[in-house]
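Step one of this worksheet: look at the structure below.
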Amino acid sequence: MLNNEYLKRVYDQVEQRDGDQPEFLQAVREVFESLEPVVEKHPEYEKNGVLERIVEPERIVKFRVAWVDDEGKVQVNRGYRVQFNSAIGPYKGGLRFHPTVNEGVIKFLGFEQILKNSLTTLPMGGGKGGSDFNPKGRSDAEVMRFCQAFMTELCRHIGQFTDVPAGDINVGGREIGYLFGQYKRIRDEYSGVLTGKGLEFGGSLARTEATGYGVCYYTAEALRVLKNDSFEGKTVVISGSGNVAIYAAQKAEQLGAKVVTVSDSNGYVYDPNGINVDVVKQIKEVERGRIKEYAERVPGAEYHEGCKGVWTVKCDIALPCATQNEIDEESAKALVANGVQAVVEGANMPSTPEAIAVYQEAGLLYGPAKAANAGGVAVSGLEMSQNSYRLSWTFDEVDAKLKNIMETIVAESLAAAKEYGHEGDLMLGANAAGFVKVANAMVAQGIL
């Protein structure tokens, strides 16, 4: 509910302009609903039109990507890069290759990225990009040709001091390698223009693990501070089986929990003995197969068609790590009925507004995505630093910095929540803390 007149006026304007972009509207409303005490305390934000400016991207690039498949047939996809806000640093955010990608999805991700990057304390603005290209079922040669065609257009809009993309859904080490190679060829320069690179050409140790590990470091710190508790002995349900899910499962197990589920777009597996992460890695990272194969290889594991049922599995901690809006009100109620104590988001905006209301009403520990999954972009920022210094830190050095950043995000979120009269509210705290830093920078730099 938007009671503040300034917030309501700007949101109504966004709704009028972008009514065909539901994910973007959802992201903006969720943030605005947290900002009422902030804008009331800072009248200078309205005077300087901060809200009007922060919801409007500084630049949107949309382009055609034409490439040739293995049959010699010409394929055409759409490419996007939304350069949303550069108040605190160069644009930073991933590239997503998925059939669901459109301008509204990229704008929602880019808007979330502004506050997420701010929370890391690193100097990075918010951006996002991608294409409706689907690499699943494509050969390495086809993926390479697509990536080269995509970067041929994108390269004129990015640079290490302007915009530094990274990976997201379906954009992993293979894709980043092809994109980086094409940028280097066209621009004739070797710079840290992409993160998530291979270790041989400027990548950072712990980048692959960063988002999943970061979710668990955040969860562990929030449990410690708010509940005087830990992962030890807890049952954890995880959705997804990509990069975030795999390494969240690995770290949760290292911290003493038992992870009993993973999923993909077809269904989920339940393993009462605890998910064998090595088997998931083999299926997903090596063979690029489907998660149902896990049940065929691991005795005692069950495969269930459909993704939604994963939230009916009894657990203490739920870590949604698949995609946006995967937990609706019904699923949230099922989690609560089964005794869940904490829901912490590894994916971007995986809970609907109705689901979040259920968490809050039940008094759950709720860690919002922009805070809890900031570990990936945090280590991307550390990769940028290593590229600038022309050096490499050890895995343990990067991991320690990541852990410190995630614990700092919890502390800053709780401090902001207390300052604005909502003590213990991690969602309001994250939105407020991330926003204030960017808003103050925007005011200081004038009307741009």
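Just so you know, all these numbers are worked out from the coordinates, no wet-lab data involved. Just so it is clear, the model here is predicted, and its values are computed rather than measured. Using ideal geometry, Cβ is built from the backbone for each residue, glycine included, and neighbour counts are taken over all protein chains shown.
Among the trypsin sites (Lys or Arg not before Pro) found in region 89-151, those both in a DSSP coil and sparsely packed, with 13 or fewer other Cβ atoms within 10 Å of their Cβ, are LYS136. Cα convex hull, region 287-327: 109 Å³ per residue, rounded to a whole number.
Applying a DSSP loop filter and a limit of 11 other Cβ atoms within 10 Å to the GluC sites (Glu not before Pro) in region 1-93 leaves GLU71. Under 10 Å, Cα contacts only: if you run a Gaussian network model on the chain, which one of LEU319, LEU402, LEU255 comes out with the highest mean-square fluctuation? Among LEU319, LEU402, LEU255, the largest GNM mean-square fluctuation belongs to LEU255. Across the options VAL277, GLY192, TYR213, the greatest Cα extent toward the positive end of the charge dipole of region 151-278 (unit charges at beta carbon of Lys, Arg, Asp, Glu) belongs to GLY192.
Across the chain, the mean sequence separation of Cα contacts (distance under 8 Å, 6 or more residues apart), normalised by length, yields a relative contact order of 15 percent. Report the residue, chosen from ALA417, ALA430, ALA400, that carries the largest GNM mean-square fluctuation when the chain is represented by alpha-carbon nodes joined by springs under 10 Å. Comparing ALA417, ALA430, ALA400 in the GNM, the peak value goes to ALA400.
Summing +1 for each Lys or Arg and -1 for each Asp or Glu among the other residues whose beta-carbon sits under 12 angstrom from that of VAL260 gives -1. Around LYS107, what is the net charge, scoring Lys/Arg as +1 and Asp/Glu as -1 over all other residues with Cβ under 9 Å from its Cβ? Taking every Cβ under 9 Å from that of LYS107, the sum is -2. Projecting the Cα atoms of SER388, ALA222, GLY421 onto the charge dipole of the chain, computed from C-beta unit charges around the Cα centre, puts SER388 farthest toward the positive end. Using the rule -39500 (n - 2.57) for each DSSP H run of four or more residues, divided by the residues of the chain, the 222 nm mean residue ellipticity is -14000 deg cm²/dmol.
Relative to the current alpha-carbon distance between SER230 and LEU448, full extension at 0.36 nm per residue lengthens the span by 74.0 nm. What you get for region 309-403, charging only the Cβ of Lys and Arg (+1) and of Asp and Glu (-1), is a dipole of about 280 debye around the Cα centre. Taking 8 Å as the Cα distance limit and 6 or more residues as the minimum spacing, I'd like the relative contact order of region 128-249 as a percentage. Answer for region 128-249 is 20 percent. Compared with the direct C-alpha span, the chain from PHE161 to ASP12 gains 50.2 nm at full extension, assuming 0.36 nm per residue. Projecting the Cα atoms of ALA357, GLN324, VAL336 onto the charge dipole of region 279-428 (Cβ charges, centred on the Cα centre) puts GLN324 farthest toward the positive pole. What the Kirkwood sum gives for region 146-196 is a hydrodynamic radius of 10.8 Å, with every pair of different alpha carbons counted. Rounded to the nearest 20, the size of the Cβ-charge dipole of region 266-324 about its Cα centre is 160 debye, with Lys and Arg at +1 and Asp and Glu at -1. When every Cα-Cα distance of region 148-266 is counted in 10 angstrom steps from zero, the calculated P(r) takes the values 13, 35, 24, 19, 9, 1 percent. Quick one: of LYS62/LYS370; LYS314/LYS437; LYS197/LYS314; LYS227/LYS403; LYS136/LYS314; LYS333/LYS401, which pairs are farther than 30 Å apart, Cα to Cα? Going by Cα-Cα distance, LYS314/LYS437; LYS197/LYS314; LYS136/LYS314; LYS333/LYS401 fall outside the 30 Å limit. Note on VAL76 and ARG185: the extension gain reaches 37.0 nm, defined as 0.36 nm multiplied by sequence separation minus the Cα-Cα distance. Computed over region 222-284, relative contact order equals 31 percent, with contacts defined as Cα pairs under 8 Å that lie 6+ residues apart. Evaluated at q = 0.10, 0.12, 0.14 Å⁻¹, the base-10 log of the normalised Debye intensity for region 57-142, with identical point scatterers placed on the Cα atoms, takes the values -0.30, -0.41, -0.52. On the basis of the beta-carbon distance and an R0 of 35 Å, ARG288 and GLU52 show a calculated FRET efficiency of 0.20.
What number in nm² do you get for region 158-223 if you take the convex hull of its Cα atoms and divide its surface by four?
The number I arrive at for region 158-223 is 5.4 nm².
Only the Cβ atoms of Lys and Arg (+1) and of Asp and Glu (-1) were treated as charged; on that basis the dipole of the chain about its Cα centre amounts to roughly 1080 debye. For region 218-261, applying the loop criterion from DSSP together with a ceiling of 12 other beta carbons within 10 Å to the GluC sites (Glu not before Pro) yields GLU232. Centre-to-centre separation between the Cα atoms of region 1-68 and those of region 382-416: 29 Å. Rounded, prolate or oblate: which fits region 292-448 when a ≥ b ≥ c are the square roots of the eigenvalues of the alpha-carbon gyration tensor, with rounded for a/c under 1.5 and prolate only if a/b beats b/c? Since a/c reaches 1.5 but b/c is at least a/b, the shape of region 292-448 is classed as oblate. As a ratio to 2.2 N^0.38 Å, the alpha-carbon radius of gyration computed for region 1-144 takes the value 1.23. Taking a ≥ b ≥ c as the square roots of the Cα gyration tensor eigenvalues, region 310-361 comes out oblate, since a/c reaches at least 1.5 and a/b does not exceed b/c. For PHE63, the shell of other residues with beta-carbons less than 11 Å away shows a net charge of +4, using +1 for Lys and Arg and -1 for Asp and Glu. For the chain, DSSP calls about 50 percent of its internal beta bridges antiparallel.
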